[in-house]
Amino acid sequence: MGLAKLAKPLGWFSLALGAAELIKGREIARAHGVPEGKNVVRGFGAREIAAGIGVLARPRSPVPFLARAAGDALDIGAAGYAARKASGDKGRVARASLATVAGFLVLDLLVARALAKR
């Protein structure tokens with residue numbers, strides 16, 4: 001499967017993740033050891049929904065994936081902060097989130113590159 005074929009599934013993923021972050025911002029922030037970050041998580045959820053809408057509206061354009069990548073960079077910063085602050089299970093959750101978002105950053109950049117070559 002070519003990377004460009006991941007465009008729509010990633011758009012739907014963004015919508016689902018964004019909705020979860022909006023609805024469960026408090027719980028997500030608490031699980032990462034930064035309960036004071038609930039509004040940041042909710043803001044990230046709104047951004048993720050906007051990114052998903054952008055991807056689904058223009059699935060053949062690299063631009064929405066570059067926007068997702070910029071969002072991933074913000075997420076990496078927040079997860080890195082949480083990973084440094086939290087300990088125990090919450091620290092593990094934050095480090096797992098950090099690794100996951102780093103993977104999505106690479107994927108978003110690869111999809112953007114594949115779409116740009118079309």
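List of remarks:
- One residue from 97, 61, 87 being under 12 Å from the mean Cα position of the chain (by Cα) and polar (S, T, N, Q): 97
- Once region 14-30 is narrowed to residues that are buried (at least 17 other Cβ atoms within 10 Å of the Cβ) and either under 10 Å from residue 52 (Cβ atoms) or among the β-branched types (Val, Ile, Thr) (or both), the residue that is farthest from the chain's Cα centre (by Cα) is 28.
- Put simply, of 101, 93 the only residue that is assigned to a helix (DSSP H, G or I), free of Cβ contacts under 8 Å to residues at least 40 places away in the same chain and of a type outside the set (D, E, K, R) is 101.
- Residue 7 vs. criteria under 15 Å from the mean Cα position of the chain (by Cα) and at pLDDT below 95: yes
- Region 94-110, residues that are surrounded by fewer than 19 Cβ atoms within 10 Å (Cβ to Cβ) and either more than 16 Å from residue 75 (Cα to Cα) or not basic (Lys, Arg) (or both): 96, 99, 100, 102, 103, 105, 106, 107, 109, 110
- Annotation for region 106-115: at least one member residue is more than 16 Å from residue 33 (Cβ to Cβ), part of a helix (DSSP H, G or I), in contact with a Ser or Thr (Cβ under 7 Å, 6 or more places away or on another chain) and in contact (Cβ under 8 Å) with a residue 12 or more places away in the chain.
- Region 95-104, residues that are hydrophobic (A, V, I, L, M, F, W, C) and under 17 Å from residue 71 (Cα atoms): 98, 99, 101, 102, 104
- Filter result for residue 37 (free of Cβ contacts under 8 Å to residues at least 40 places away in the same chain and surrounded by 18 or more Cβ atoms within 10 Å (Cβ to Cβ)): no
- Qualifying residues in region 74-87 (those that are farther than 18 Å from residue 47 by Cβ and in contact (Cβ under 8 Å) with a residue 12 or more places away in the chain) - the one surrounded by the most Cβ atoms within 10 Å (Cβ to Cβ): 83
The values are calculated or read from the model by the stated rules, or taken from the named source; none is laboratory data. If you're wondering where the values come from, they're calculated on a predicted model, not measured in any experiment. Here the Cβ is made from the backbone with ideal geometry for all residues, glycine too, and neighbour counts use every protein chain on show.
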